[in-house]
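The values are calculated or read from the model by the stated rules, or taken from the named source; none is laboratory data. Because the structure is a prediction, the values reported are computed rather than measured. Please note: Cβ atoms are built from the backbone with ideal geometry, for glycine as well, and neighbour counts cover all protein chains shown. Heads up: the accessible areas ignore ligands, DNA and RNA and are worked out on the full protein's heavy atoms, side chains in. Shrake-Rupley method; radii C 1.70, N 1.55, O 1.52, S 1.80 Å.
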Amino acid sequence: MEHPENDPRYNGLKVNKGIAQPPSVNPYLKKRVRSNAYTVAEYVEGILAGDRVILSQAVTLVESSLPEHQETAQAIIEQCLPHSGNAVRVGITGVPGAGKSTSIDVFGMHLLKKGHKLAVLAIDPSSERSGGSILGDKTRMEKLSMENNAFIRPSPSAGSLGGVARKTRESIVLCEAAGFDYLFVETVGVGQSETAVHSMVDFFLLIQIAGAGDELQGIKRGIMEMADGIVINKADGDNIDKAKMAQRQLRNALHLYPLPESGWTPEVLTYSGYYNLGIAEVWDMIHRYIDFVKQNGFFDLRRREQAKYWMFESINEQLRNGFYRDPEIAGLLTTLEEEVLSSRKSSFVAAREALERYYRRG
Ligand code: GDP
């Protein structure tokens, strides 16, 4: 464009012709299609060799909902399965602020110092709403995130809780095949996700804090029955007495429960993640539990039950996905939804109609 300022009337003023604004994104940058990055054999080889970059990319495939990614992911998982199962899997839950990230950082460092390799995964039910996940975030575990022997992965964020949990469970297989011999699965102690985590770990640890007046909250939500150990964090400074009192209360409360199937009476300990106090004792407890259930056969029983549980969960998920992702059914559901909303059809009749259409077409 000619600039009017260059008109001879405006003597002494000259504006040079500008250049086009460069794009803010490099046009030569090609988006990497991850499923094509490696063959299944290369993924498996990389994982078995402990390559964290390849492991991370394989986990991304597991988390993807694209059918071609899923196909590759399932092939990788299948080949990794024979190399998995050897880790100690620990579920960690606690309300926000209980000190999960602080504790995972110190628990993790405790294990790494003993020569172990740790993977931290997460199931975050809130991530579906917020579109992002906080749990398992590297920035929350400052020391661990600097370590080569730690692999930290935030929660998969898309899909139903069942879907998210299934992905985490499959990622466990990959991490174990990559040589991680300890696995943490973290979740927020506020809802259904505990059940999902409980169904994929060997030891379920509930982190509580004293003095918040909610020591017994776990009872209401049925989380205490699931816990193999309850630990009261922040037992430091002025808080020690309160923590000890909470410990007594929880021990008394646990007496009211019948002995769990494992035959193990859940223990209640106090510790301080921040000041690194009582950490070894927490791990002593976990290891005593593992020894105990390995001896009485419950360890294997629990894993077998979990495998069965996940088979049915996978079937449910695939049935659900097949149904809801079917374009014809999606269209029909829109119509049925309107009919139900305007009371022209009952929910049951509408549901039957949709299912019949789906199955009749085969
Ligand atoms: P999360 O939400 O469960 O992951 O909890 P965080 O690990 O982020 O901890 C929440 C807050 O509690 C942070 O300000 C921590 O510094 C603090 N905190 C964590 N552990 C301890 C502890 O052992 N003692 C004390 N005094 N504070 C702690």
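For region 227-253, the candidate set comprises residues that are under 29 Å from Leu301 (Cα atoms) and open to solvent by 30 Å² or more (accessible area, probe 1.4 Å); within that set, the residue that is nearest to the ligand (Cβ to nearest atom) is Arg251.
One residue is enough: does region 254-272 have a residue meeting the conditions of a type in the set (D, E, K, R), within 30 Å of the chain's Cα centre (by Cα) and either surrounded by fewer than 17 Cβ atoms within 10 Å (Cβ to Cβ) or part of a helix (DSSP H, G or I) (or both)? Yes: one or more hits.
Considering region 37-128, the qualifying helices (runs of 4 or more DSSP H), each wholly inside and each with 1 or more residues that are within 16 Å of the ligand (Cβ to nearest atom) and under 18 Å from the mean Cα position of the chain (by Cα), run over 100-113. Being at negative phi, open to solvent by 10 Å² or more (accessible area, probe 1.4 Å) and at pLDDT 95 or above is not true of Lys143. Any chance region 307-324 includes a residue that's in contact with a helix residue (DSSP H, G or I) (Cβ under 8 Å, 6 or more places away or on another chain), within 16 Å of the ligand (Cβ to nearest atom) and outside the structural domain of Ser65 (by TED's automatic domain parsing)? Among the residues of region 307-324, not one is in contact with a helix residue (DSSP H, G or I) (Cβ under 8 Å, 6 or more places away or on another chain), within 16 Å of the ligand (Cβ to nearest atom) and outside the structural domain of Ser65 (by TED's automatic domain parsing), which makes the answer no.
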